[in-house]
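Right, one structure below, let's go through it.
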Amino acid sequence: QVQLVESGGGLVQPGGSLRLSCAASGSIFRLNALGWYRQAPGKRRELVAAITSGGTTNYAGAVKGRFTISRDNAKTTVYLQMNSLKPEDTAVYYCNADITKFSGGFYYSNDYWGQGTQVTVSS
């Protein structure tokens, strides 16, 4: 069983910063690609940032230069540093992980989601 637990969301004023964390636990053989998504009310879930196992990053245009994704493989954790926050960044943020497990003599990979953490940017 694999779980992703997010933390770090909250209410912040425009221009402020927040750092989201997502810790993976369970029978994990390897963390592969990791990502952060967000979903605002009435909108579709969208990719915010992603990081490969090799450390290559990719950002949505709306957050490039303001958000930074990073990972700590030893802690099986992915982070999202969010600076210069804007009201339009308000959403529920979800982490996503492609995880390889080893069980019964076989390796297999699955996609996992966290429960989401609310980020509200408002004065």
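The values are calculated or read from the model by the stated rules, or taken from the named source; none is laboratory data. The model shown is predicted, which means the values in this text are computed figures rather than measured ones. Accessible surface areas use protein heavy atoms only, side chains included; no ligands, DNA or RNA. Shrake-Rupley method; radii C 1.70, N 1.55, O 1.52, S 1.80 Å.
Sort Phe106, Phe29, Phe67 by heavy-atom solvent-accessible area, probe 1.4 angstrom, most to least. Write down the numbers at each step before the final one.
Working: Phe106 145, Phe29 105, Phe67 5 Å².
Largest to smallest exposure gives the sequence Phe106, Phe29, Phe67.
Which value, in Å² rounded to 10, gives the accessible area of Asp72 with a 1.4 Å probe and all protein chains present?
Asp72 exposes around 50 Å² with every protein chain in place.
Can you compute the radius of gyration and Dmax for the range 77-123, using only the Cα atoms, both in Å?
Rg and Dmax of the range 77-123, Cα atoms, are 15.9, 54 Å.
To make sure I understand the rule: partners must be aspartates and glutamates, Cα under 19 Å from the Cα of Lys43, and not fewer than 8 residues away in the same chain. Which ones qualify?
Candidates past the 8-residue exclusion: Glu88, Asp89.
Who wins for biggest fluctuation among Gly15, Gly105, Gly26 in a Gaussian network model of the chain, springs between alpha carbons below 10 Å?
Most flexible of the set in this elastic network: Gly105.
May I ask for log10 I(q)/I(0) of the chain at q = 0.09, 0.16 Å⁻¹, from a Debye sum over the Cα atoms as equal point scatterers with solvent left out?
Scattering profile of the chain, log10 relative to I(0): -0.24, -0.72.
Using protein chains only and a probe of 1.4 angstrom, how many square angstrom of Leu47 are accessible, to the nearest 10?
For Leu47, the solvent-accessible surface is approximately 60 Å².
Can you list the lysines whose alpha carbon sits under 20 Å from that of Lys75, skipping same-chain ones fewer than 8 residues off?
Straight-distance partners of Lys75: Lys101.
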